[in-house]
Each structure stands twice: as C-alpha cells, then as structure tokens.
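Below is one structure; the comments refer to it alone.
The values are calculated or read from the model by the stated rules, or taken from the named source; none is laboratory data. Predicted model, so just to flag it, every value in this text is computed and none were measured. Here Cβ is always computed from backbone atoms with ideal geometry, including for glycine, and neighbour counts include all displayed protein chains.
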C-alpha cells in the first residue's frame with residue numbers, strides 16, 4: 001500500500017480525488033472485515049488514541065473510540081476537556097497538545113474555536129485529527145458524507161445537492177462543500193434562513209472551482225429537483241443573539257408531504273443530532289439515509305486511524 005501522505009487531518013482541502021479514493025477503499029475493507037470478523041482486529045495493537053473533546057459529542061466521539069478499539073488499539077479520553085482538563089486552570093491548547101504527545105500516538109480533538117485543529121497540528125509530533133472546530137470544519141464528517149453519497153449513487157459526479165438549515169455555523173456543510181468541488185457537474189443549492197446563509201468564503205471557493213450554486217428560500221420548490229437533501233440543525237449554541245436564533249428556529253422542516261415530492265432514488269442526509277427539522281415519521285422512508293450515514297462514520301474513522309498509524 002502506498003504510504004498515506006498526510007501527517008494530520010485538519011481540513012477538507014487536504015484531500016484530492018486520489019486521496020479520497022484511498023480512504024473510501026480502506027473504509028470498504030474495514031466494513032467487509034467487520035462483517036467477516038477478519039484480519040484487522042489487531043492492526044493497531046499497542047497504539048493509543050487520545051480523545052480530547054472540548055465540546056459535547058455522541059456520534060463522533062464514540063465512533064472514533066469504537067474505531068480505535070475495533071482496530072486493537074486503546075483509548076484515553078475526556079468528554080468535557082473545558083471542565084475536566086487543565087484547560088480549566090488556564091493551560092493553553094498548545095501546551096495541552098505537547099503534553100498529550102507524551103501519552104498517545106494520535107489525538108482526536110473537538111474544540112469550540114475555529115482553527116484550533118490547525119494550531120494543534122502545528123505543535124504536535126503525532127497525528128491530530130480534527131473532530132470539529134467550532135464553526136470551522138469537520139473533515140471526517142465530510143468524508144463519511146461523501147462515502148454515503150457514493151454508496152447511494154455509485155458516483156459523485158452529476159449530482160444536485162440541497163444544503164438546508166444552519167449553513168453559516170454548520171461546519172459539516174462547509175467541509176462537504178470543499179470536497180464536492182473535486183467532482184464534475186455538481187450543483188449546490190443553499191436553503192437557509194436569512195441569518196444562517198452560507199458564508200462568502202465557501203461561495204468564493206465554489207466559484208473559483210467552477211461549481212454552480214444558488215440560494216433559495218422555499219424548500220418545497222427545491223425538493224423535487226435534487227438528488228440529495230442534506231438537512232442540518234439550527235445550532236442554538238452558535239448564535240450570539242436570541243432574536244437571530246428565534247428567527248431561524250423551526251423555519252425549515254422536511255415534512256412527509258415534502259418528501260413525497262422528491263425523486264424516488266433521492267436521499268435524505270443529516271449529520272445529527274436533529275431537533276424538529278426531520279419528523280420521526282420520515283425515518284421509515286427508504287430515502288432516509290441518516291442512520292446509515294452515522295454508521296459509515298465508524299468505517300471512515302477506522303480507515304483514517306489505520307492509514308495514519310500504520311506508517312508510524
């Protein structure tokens with residue numbers, strides 16, 4: 001196997017098509033090996049992952065920890081590093097990362113500040129994986145999103161995707177937008193409240209890479225034309241104004257009536273957790289892929305840990 005070229009995984013822009021294919025092929029292998037209970041069980045035996053989470057998480061934290069354990073490695077963890085680490089005493093992020101370098105072989109970090117993963121990687125001699133940095137990026141979520149899309153359509157080209165909800169603070173849609181520029185004939189439609197529109201940096205990046213995009217306000221008009229609706233939660237914790245949050249909350253809900261207008265082979269995605277933007281009665285529709293999407297996080301994160309640590 002060709003050596004994995006990345007030392008850290010901190011942003012989606014690090015991945016080109018060849019690297020994406022490497023990750024996806026490795027994830028396929030992980031999925032098959034788990035199903036057949038085959039050869040990867042001890043591939044990271046003796047390796048230790050530090051799970052350093054300054055923000056709450058269920059899927060990302062547990063899928064990373066499960067991934068490491070299934071590969072035969074070990075985990076040291078804190079679920080609230082802002083309170084239960086030396087950060088509570090004023091220790092800087094760079095000092096914390098340097099200390100963790102002596103205890104672990106890889107650091108998986110979620111932090112409340114955009115750009116924190118890049119800063120951590122700059123001082124770390126062991127791999128740092130960005131598990132979400134504030135309203136910045138969430139590259140491993142974007143990878144599992146792409147893996148889910150290619151599984152559904154057997155391609156990543158010639159797709160029209162609607163991103164709905166909190167696009168301003170939504171790190172998942174930002175990271176996914178970067179990766180989608182790698183493929184031909186992809187069109188993005190942004191559907192959001194006025195206070196949650198996609199930021200200019202992403203729009204500029206799409207234009208630089210010749211990816212068409214447009215903004216719409218009516219989800220019901222968009223639903224019949226797209227191949228994928230990617231719903232997101234309005235993130236109350238990211239808003240600086242209660243009025244802005246209340247103006248955005250519950251504005252876009254993917255009702256059963258709306259789902260019925262979608263293409264038969266379209267898919268519905270969501271990074272989860274959800275609040276009310278996808279009613280539970282939609283879960284039984286075959287187009288709903290968000291629980292499968294979450295499961296794919298295990299295979300993608302197993303693949304990344306394997307690729308990063310096999311060379312070290």
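The criterion of at least 2 residues that are in contact with a helix residue (DSSP H, G or I) (Cβ under 6 Å, 6 or more places away or on another chain) is met by the following helices (runs of 4 or more DSSP H) wholly inside region 151-228: 171-180. Does region 182-191 contain any residue that is within 17 Å of residue 167 (Cα to Cα) and loosely packed, with under 13 Cβ neighbours inside 10 Å? No, that holds for no residue.
Among the residues of region 160-181, the one identified as surrounded by fewer than 20 Cβ atoms within 10 Å (Cβ to Cβ) and in contact with a strand residue (DSSP E or B) (Cβ under 9 Å, 6 or more places away or on another chain) is 160.
Mind listing whichever residues of region 160-210 are without any contact (Cβ under 8 Å) to a residue 12 or more places away in the chain and closer than 28 Å to residue 275 by Cβ?
Result: 200, 201, 203.
Out of all the residues in region 252-261, is one or more over 25 Å from residue 168 (Cα atoms) and under 22 Å from the mean Cα position of the chain (by Cα)? Looking for residues that are over 25 Å from residue 168 (Cα atoms) and under 22 Å from the mean Cα position of the chain (by Cα), one finds none in region 252-261, hence no. Does residue 283 satisfy the condition of being out of contact with any strand residue (DSSP E or B) (no Cβ under 8 Å at 6 or more places or on another chain) and farther than 21 Å from residue 217 by Cβ? Yes, satisfied. Identify all residues within region 82-98 that are modelled with pLDDT of 60 or more and under 27 Å from the mean Cα position of the chain (by Cα); write none if there are none. Selection gives 92, 93, 94, 95, 96, 97, 98. Looking at region 211-221, can you tell me whether even one residue there is surrounded by fewer than 22 Cβ atoms within 10 Å (Cβ to Cβ) and either at positive phi or under 16 Å from the mean Cα position of the chain (by Cα) (or both)? No, because not a single residue in region 211-221 is surrounded by fewer than 22 Cβ atoms within 10 Å (Cβ to Cβ) and either at positive phi or under 16 Å from the mean Cα position of the chain (by Cα) (or both). Among residues of region 222-238 being modelled with pLDDT under 65 and within 17 Å of residue 174 (Cα to Cα), the one that is farthest from the chain's Cα centre (by Cα) is 238.
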